[in-house]
Amino acid sequence: MAVAPRKRNARGQGSALRHEIVRATIALIDEVDLESEVTLRSIARAASVSAPAIYAHFPDRDAVLESVTETSWEEIVRAIVANSDQAVEPRDRLMRGCLAYIEFAQRHPLRYTLMTLRAGATSGAHDALDVLTGALARCRGGETDDSGVIAAGLSAALHGMAMMNRMQSSAPWIGGYDVEDVLAGLIDSAISFQPPGAD
């Protein structure tokens, strides 16, 4: 991948270089097909720095990918909010937010895989679940004790749909249904769900 020479950061701008390394790694991941292609050497080339310069900010490649994961979850949250803001009704807002999540996975397949397979949930991932929980609660008429667990279930189903749609393949268990139709069914079921013992 051809890159233009990077202008050297002035003294005291180390945080700017760290940010550049993360952004360059994101661009690299979105361009390649396999995680094995994302090495410290390829990251250094993408960021137009030497490999030792990376060690001044990250102890190893995994640390770079951890920062990429957090930044990417923040990106998903912004996309969910921006897409949701195009609608007024709570259900439509939730639907648009869920679609934004699936569309991110389709646009950035390798990055999404790395984000969801890495150990431990980042604060950005928790923020994404919080946004979903709040949107679902508004659809159900306000915060309730079961909003979180229902949102977690919807989130798990959403991840399954994102992975399926990311591979642009149809699985036998979804039949010939359109992704948006299946998502609409999931959302309506989550909105109307009543836990055992509820009136």
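Its alpha carbons considered, the stretch 60-167 gives a radius of gyration followed by a Dmax of 13.8, 47 Å. Ordered by 1.4 Å accessible area with all protein chains kept, Arg93, Arg138 run largest first as Arg138, Arg93.
I need the shape label for the stretch 13-107. Rule: rounded when a/c is under 1.5, else prolate if a/b > b/c, else oblate, with a, b, c from the alpha carbon gyration tensor. Mind showing how you got there, number by number?
Details: a/c = 3.54, a/b = 2.32, b/c = 1.53.
In terms of gyration-tensor shape, prolate.
Spacing of the modelled spin labels on Arg23 and Asp146, each 7 Å from Cα toward Cβ, amounts to 4.6 nm.
Extension gain, Ser36-Ala87: 0.36 nm per intervening residue step, less the Cα-Cα distance, totals 14.3 nm.
The values are calculated or read from the model by the stated rules, or taken from the named source; none is laboratory data. Computed from a predicted model, the values in this text were never measured in an experiment. When we count neighbours, we look across all protein chains shown, and the Cβ atoms used for this are built from the backbone with ideal geometry, even at glycine. Quick note on the areas: whole protein, heavy atoms, side chains included, nothing else; ligands and nucleic acids left out. Shrake-Rupley method; radii C 1.70, N 1.55, O 1.52, S 1.80 Å.
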